[in-house]
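In what follows, a structure is listed as structure tokens, so that the remarks can point back to it.
The values are calculated or read from the model by the stated rules, or taken from the named source; none is laboratory data. Since the structure is predicted, the reported quantities are computational estimates derived from the model, not experimental observations. Cβ atoms come from the backbone with ideal geometry, glycine included; neighbour counts cover every protein chain shown.
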Amino acid sequence: MHGLDRGDPACLHSPEDVIRLVDEVGFLPLFRNGIKGFSLEEHTCSDDWWCGDPKLDPWEWRAIITNERRLTYGKFFDNKAGFISLAFLPDFINARRDGYDFDARWDDEKASTREKRIMDLYAGDHAGDEIYSPEIKKRAGFGKGGEKGFETALTKLQMQLYLCPIAFKQRVSKTGDAFGWSIAVFSTPEHIWGEEFIKSAYQKSPEDSAKAIARKMIELYPDLAPAKILRIAKGSSAGVPKERKRKKKEDYPINLLKDIDINRYLDKAGITLPEMDYDAPTSDQLLGLEYALGLLKEKSQEALRLRYEKQLTYKEVGELMDLSSARANQLCTQALMSLRIPATCRWYVKGVQACREERKTQVAKIREKLEAKTGRNLRAELAITPLDMDIGYSVMWSLEKAGIMTIGELLVAMQEKNWYQSVPGIGLATSHKLERLLQKRGLYPV
């Protein structure tokens, strides 16, 4: 992160500070983007990001601000997240939509069928619906066995401001209980701020609205290249020359982290974890990466080491491992997928020390729940090794390899759906056996 010291007079300290700044400058991306000072990241304390405390954490502030609806939040800047003030929102909508409501854009063959599938969920009587992002994906026919490219389509609809996140909420079960991470709920800007306000800039041409945005950019950054200003205003690279960049060969482990691309996969899954800076991982994150790699099968570890650390081609990897190049490619691809499993990626996204502290807190919460349920003092019982449940040394070795040393830590791990998939040597049958052993002790379900 590239932010400020907490004591810097320019450092922002609350959601209210962010709202004031965005209202002043008009619009602001969330993260650093090549225009110095043009991001929330550069106006906040680096140490506070993803600390989990809503009073300090700018990542939490984005959800608080979105829920209050005093700014617009979404992927508006080169397909990445940021804020737009309500004062500039009508001009952004006019410039980005380019004079088209979505139906007219579709009729003129300027929208894809994937975008149409999503927007159909908000058609007619459903224009004011508020839908969780995973539900949009499911109902629009994306995912397993269906259409591909959901994230691309949803991002484009945000760039054109037909849809935007209007809240971050936990999902609710059939019994009415909230569960899981807080995820984005999407609706149309018209539903939130009213059609009259949203279309108030339609009296101008889209070009005039783009000029109004450009004038603000020039006021803030007088030396900025015109091409960059146009990309901010129009939200499109069409007709905008891009700077040519020479491709640089990345060193290990930067090359591995960029191919894992965990930020994109977590975003797709609607899972909220700190966004990782692939170019500048902390020592704790690097320790977490080595730990996560150790959870893979030895053959997968070797394939990744040769591919990324030694920077060999798949053909060369195959020759050294007595495999075909296609099999070497497949082995590396499967290993990358394993490293993206939420229970595994936490180790290198948050860092080893942060994960261990988090696990201690989770064990304490589980102990509190179980003690209230059973009326027993469980401090000692949750601190003993699972081997005391007669699970066998091979199962215990697998658990220890995944960092699960106590019954309390096992219960924490088992709160994750399909938790056993991130523990080599533990399958569904063993998972059920562990559940039965814990049930006998009155410790499961929590």
Mind counting the residues in the stretch 407-429 that are assigned to a helix (DSSP H, G or I), surrounded by 21 or more Cβ atoms within 10 Å (Cβ to Cβ) and more than 23 Å from the chain's Cα centre (by Cα)? 5
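Rundown of residues vs (1) at pLDDT below 90; (2) within 24 Å of D78 (Cα to Cα); (3) of a type in the set (K, R); (4) part of a loop (DSSP other than H, G, I, E, B), yes/no style:
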residue	(1), (2), (3), (4)
M1	yes, yes, no, yes
D8	no, no, no, yes
V18	no, yes, no, no
D23	no, yes, no, no
L28	no, yes, no, no
S39	no, yes, no, yes
D47	yes, no, no, no
W50	yes, yes, no, yes
L56	no, no, no, yes
Tell me which residues, restricted to the stretch 164-192, are touching a Leu at 6+ places or on another chain (Cβ under 7 Å) and in a helix (DSSP H, G or I). P189
Here's a check for you: in the stretch 284-329, which residue that is in a helix (DSSP H, G or I), of a type in the set (K, R) and over 27 Å from the mean Cα position of the chain (by Cα) is surrounded by the most Cβ atoms within 10 Å (Cβ to Cβ)? R327
Subset of the stretch 353-392 that is acidic (D, E) and in contact (Cβ under 8 Å) with a residue 40 or more places away in the chain - its residue that is farthest from P445 (Cα to Cα): D390
So, in the stretch 68-103, how many residues would count as being within 15 Å of E190 (Cβ to Cβ) and part of a helix (DSSP H, G or I)? 9
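Picking from L154, L161, which residue would you name as being among the hydrophobic types (A, V, I, L, M, F, W, C), surrounded by 12 or more Cβ atoms within 10 Å (Cβ to Cβ) and assigned to a loop (DSSP other than H, G, I, E, B)? Show your work before the answer.
Numbers: L154 fails: assigned to a loop (DSSP other than H, G, I, E, B).
Result of the check over L154, L161: L161.
Could you list, in sequence order, the residues of the stretch 238-266 that are at pLDDT below 75 and surrounded by fewer than 13 Cβ atoms within 10 Å (Cβ to Cβ)? Steps first, answer last, please.
Within the stretch 238-266, the subset at pLDDT below 75 is 238-249.
Once the filter is applied, which keeps residues that are at pLDDT below 75 and surrounded by fewer than 13 Cβ atoms within 10 Å (Cβ to Cβ), the stretch 238-266 yields A238, G239, P241, K242, E243, R244, K245, R246, K247, K248, K249.
Quick check on I65: is it under 21 Å from I183 (Cα atoms), of a type in the set (A, V, I, L, M), in contact (Cβ under 8 Å) with a residue 40 or more places away in the chain and not in a loop (DSSP other than H, G, I, E, B)?
On the way: under 21 Å from I183 (Cα atoms): yes; of a type in the set (A, V, I, L, M): yes; in contact (Cβ under 8 Å) with a residue 40 or more places away in the chain: yes; not in a loop (DSSP other than H, G, I, E, B): yes.
Considered against the rule, which asks whether it is under 21 Å from I183 (Cα atoms), of a type in the set (A, V, I, L, M), in contact (Cβ under 8 Å) with a residue 40 or more places away in the chain and not in a loop (DSSP other than H, G, I, E, B), I65 comes out as yes.
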Which residue pairs have Cβ atoms under 9 Å apart, sit 6 or more places apart or on different chains, and have a first residue in the stretch 406-429 that is without any contact (Cβ under 8 Å) to a residue 24 or more places away in the chain and farther than 16 Å from L296 by Cβ and a second that is of a type in the set (V, I, T) and not in a helix (DSSP H, G or I)? N418/I341
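Of all residues in the stretch 430-446, which are free of Cβ contacts under 8 Å to residues at least 12 places away in the same chain and either in a loop (DSSP other than H, G, I, E, B) or surrounded by 13 or more Cβ atoms within 10 Å (Cβ to Cβ) (or both)? Spell out how you get there, then give the answer.
Kept after step one, since they are free of Cβ contacts under 8 Å to residues at least 12 places away in the same chain, are these residues of the stretch 430-446: 432, 436, 439-440, 445.
Answer for the stretch 430-446, where residues must be free of Cβ contacts under 8 Å to residues at least 12 places away in the same chain and either in a loop (DSSP other than H, G, I, E, B) or surrounded by 13 or more Cβ atoms within 10 Å (Cβ to Cβ) (or both): just P445.
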Please work out if R32 is in a loop (DSSP other than H, G, I, E, B), touching a residue at least 24 places away in the same chain (Cβ under 8 Å) and under 23 Å from N263 (Cβ atoms). yes
Here the residues within the stretch 133-168 that are more than 27 Å from D98 (Cα to Cα) and either among the hydrophobic types (A, V, I, L, M, F, W, C) or touching a residue at least 40 places away in the same chain (Cβ under 8 Å) (or both) are P134, F142, F168
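Which members of the stretch 201-237 meet the condition of being assigned to a loop (DSSP other than H, G, I, E, B) and either of a type in the set (G, A, S) or surrounded by fewer than 16 Cβ atoms within 10 Å (Cβ to Cβ) (or both)? Break it down into steps so the answer makes sense when it comes.
Residues of the stretch 201-237 that are assigned to a loop (DSSP other than H, G, I, E, B), as a first pass: 201-205, 221-225, 235-237.
Of everything in the stretch 201-237, those that are assigned to a loop (DSSP other than H, G, I, E, B) and either of a type in the set (G, A, S) or surrounded by fewer than 16 Cβ atoms within 10 Å (Cβ to Cβ) (or both) turn out to be A201, Y202, Q203, S205, P222, D223, A225, G235, S236, S237.
Find the residue count for the stretch 254-283, including only residues that are of a type in the set (D, E) and not in a helix (DSSP H, G or I). Step through it out loud before you land on a result.
Residues of the stretch 254-283 that are of a type in the set (D, E), as a first pass: 259, 261, 267, 275, 277, 279.
If we keep only those that are not in a helix (DSSP H, G or I) too, we end up with 261, 275, 277, 279.
Of the residues in the stretch 254-283, 4 are of a type in the set (D, E) and not in a helix (DSSP H, G or I).
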